[in-house]
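What follows is calculated from the coordinates using simple rules that are stated; it is not laboratory data. Computed from a prediction, not measured in an experiment: that's the story for all the values here. Note that each Cβ is placed from the backbone with ideal geometry, even for glycine, and that neighbours are counted across all protein chains shown.
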Amino acid sequence: MPIPALLAVDDDPGVRAAIQRDLRQHYDEDDTPEDRQFEVLAVDSGAAALDLIARLRQRRQPVALVLSDERMPGMGGVDLLTRVREVSPETKRVLLTAYADTDVAIRGVNRARLDLYLTKPWNPTELFSPLDDLLSAWRAEASHQLDGRALLFGDRWSRESYQLREFLARNRAPYHYHDTATADGRSALSDLVGESWPALPLLVTPDGTRLERPDVQALARHLHLQTRAELERYDLVVVGAGPAGLTSSVYGASEGLRTLLLDRDAPGGQAGLSARIENYLGFPAGLSGRDLTTRAVAQARKFHVEIVSPQAATAMHVEHEYKVLRLADGSEVQASAVVLAMGVQWRTLEVDGLDRFTGAGVYYGASMAEARTCRDETVYVVGGANSAGQAALNFAEFARKVVMLVRGPDLSASMSEYLIHNIGQRDNIEVQPNTCVVGAGGDDRLRTLTLASPDGQGTRTVAAASLYVMIGAAPDTDWLGEVVARDARGYIYTGPDLPRPAGSARPVGWTRSRDPWLLETCVPGVFAAGDVRSGSVKRVASSVGEGAVAIQFVHQYLAGK
């Protein structure tokens, strides 16, 4: 496989030579080709960069990163990096700019969705830390990796095909998808199996095994995901591997606790599907939910967290101070302490006939990978909060048009200002306020939507192939039954919010002489963190903070307090 390229672009010969020198010393200093990490190249203009990228792609040499100066004649850095995204979407893009031009860089981050900006002059020791992170993420995501990549064949509008695509994407498993609804996809399948097609969807694993219409558990086994716990008893079991659960598991394991992390689907939670999280502290260019999840999972594995997924907890009870969790496969695990961090699931859109198109034109949530399947189409997004805004911006990079259907008069009630601004800058995003979906039509997939105002006025029917729904959320807590106290919507009560009988200072069912701690449920030693907790702030940073704080309470509980 050709060595991936790093491309530096600057019209100043001295600066260009310095960048190339520093990059080569760090990434391209090995004498033997087989040991080289990257090939470092440099050109003097945006036009030369685009020409070189085209020639590299023709010979199938991947371009991992383009580092470009902003002030260049003919084509500035932001304009160049915008073009790079169009011709090489997987390439990481970094703008190099003078400190006085930081405002230009920030606008570039928002408009061109750059991965990073750096200021001149640079300190090599400070330069490579963020670049190493970007290139590590590129290695994990790069579509050029053929070794270890599965092949998936299936009709884009098939529910089964969509479920497998979503599972592979959420588990960050490298795969190449061939849509058999297209001529290219049918040709690729025929090249592999001949004219006698197997049952679809078909997954071909890296070792050549062919799986016809596999279910999720079969797919997990062939991808070598761990779906059963190794031990019967743990110091800490964390249920849910979103930001709160991943944080609790990292903090718990790093501080010496035997830690098991369970998730019914895949690590990352809803945040893991976010195309871009732009207000997370320390990442001025933002980062994707996939990137955040990849980093967090790597940290968890570093500290020997045992991650079991896909595997759902289905019941919990207390037995002699141990918390016993029953899992979906019928097995049980015991824990001295438990952190409940299941997060939330997307709420379904209650419209007659819509459920028959789920996975066949109607989708809940939207992974980054789905945007590429909607190239040059019109996409409808239901919702007016941050997740819907991030999804709309991601789809706008590929779709001809994105239509946001918002029940309220505008986006200001539930969306961050920076997202509202960025949406307003996109010519191909249309916001339709005071609009609801009231009907859907189609055959084997979605074909039309019926729209109206919240009071049912102005009914109209529009052609639609894809509808992505992000309208609030519901906690995944029904499996807990009456074991922990929950509010009317199913969120878990903790600490001072626990219900107390009239005239009593103690919560219902509380058995200790002390009061419950801030994140503790009505069961001593069982804590809740993140979106699943009643009254929590529904933000990634808040979930991370709660996940960390929960472990401090776990230590106090295990110490006998």
Potential lengthening between SER453 and GLU255 on full extension [0.36 nm per residue; Cα-Cα distance subtracted]: 65.9 nm
Charged-residue dipole, Cβ positions (Lys, Arg, Asp, Glu), the range 440-511 about Cα centre, Debye nearest 20: 140
Lysines near LYS323 by alpha-carbon distance under 20 Å, same-chain residues fewer than 8 away left out - which ones? LYS561
Just want the answer: with Cβ charges of +1 for Lys and Arg and -1 for Asp and Glu, which residue in TRP510, CYS522, PRO499 is farthest toward the dipole's positive end in the range 485-533? TRP510
Alpha-carbon Rg with Dmax, taken over the range 217-327, Å: 14.8, 50
Over the Cα atoms of the range 138-246, compute the convex hull volume and normalise it per residue, giving Å³. 139
Residue by residue, what Karplus-based ³J(HN,Hα) values in Hz, rounded to whole numbers, does the range 70-81 have, using 6.51, -1.76 and 1.60 with θ = phi - 60° and x for Gly and Pro? 7, 7, 9, x, x, 9, x, x, 4, 5, 4, 5
Taking the Kirkwood radius as the inverse of the mean 1/r across Cα pairs, report the Rg/Rh of the range 417-487. 1.13
At 1.002 mPa s and 20 °C, Stokes D of the range 36-125 from Kirkwood alpha-carbon radius, µm² per second: 160
Spelling it out for LEU118: with amide H atoms placed in the peptide plane at 1.01 Å from N, the residues 5 or more places away or on another chain with amide H under 5 Å from its amide H are LEU95, LEU96, THR97
Can you divide the C-alpha Rg of the range 270-365 by 2.2 N^0.38 Å and report the result to two decimal places? 1.46
At q = 0.20, 0.22 1/Å the base-10 log of I(q)/I(0) from the Debye formula over the alpha-carbon atoms of the range 479-561 is -0.91, -1.07
What nm distance separates the two modelled labels at SER187 and LYS538, each placed 7 Å from Cα along Cα→Cβ? 4.6
For ALA150, enumerate residues with amide H under 5 Å from its amide H, sequence gap 5+ or separate chain, H modeled in the peptide plane. TYR175, HIS176
Semi-axes of the equivalent ellipsoid for the range 103-198, Cα gyration tensor, largest first, Å: 39, 16, 12
On a full-extension model of 0.36 nm per residue, what is the gain between GLU482 and ASP376, subtracting their alpha-carbon distance, rounded to one decimal in nm? 33.2 nm
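How much mean residue ellipticity at 222 nm does the chain get from its helices, if each DSSP H run of length 4 or more adds -39500 (n - 2.57) and you divide by all residues, to the nearest 500 deg cm²/dmol? Could the numbers behind the result be given before it?
On the way: 14 runs with 167 residues, N = 561.
Mean residue ellipticity, 222 nm, calculated: -9000 deg cm²/dmol.
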How are the C-alpha pair distances of the range 400-532 spread across 5 Å bins, as whole percents from the shortest bin up? 2, 8, 13, 13, 11, 9, 9, 10, 10, 8, 5, 2, 0
Which whole-Hz couplings ³J(HN,Hα) result when phi for each residue of the range 242-250 is put into the Karplus expression 6.51 cos²θ - 1.76 cosθ + 1.60, θ = phi - 60°, listed in order with x for Gly and Pro? x, x, 5, x, 4, 5, 4, 5, 5
Extension length gain for ASN279 and ALA140 (0.36 nm per residue less Cα distance), in nm, is 47.7 nm
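Taking the alpha carbon gyration tensor of the chain, what are the square roots of 5 times its eigenvalues, largest first, to the nearest whole Å?
Here the semi-axes work out to 40, 30, 26 Å.
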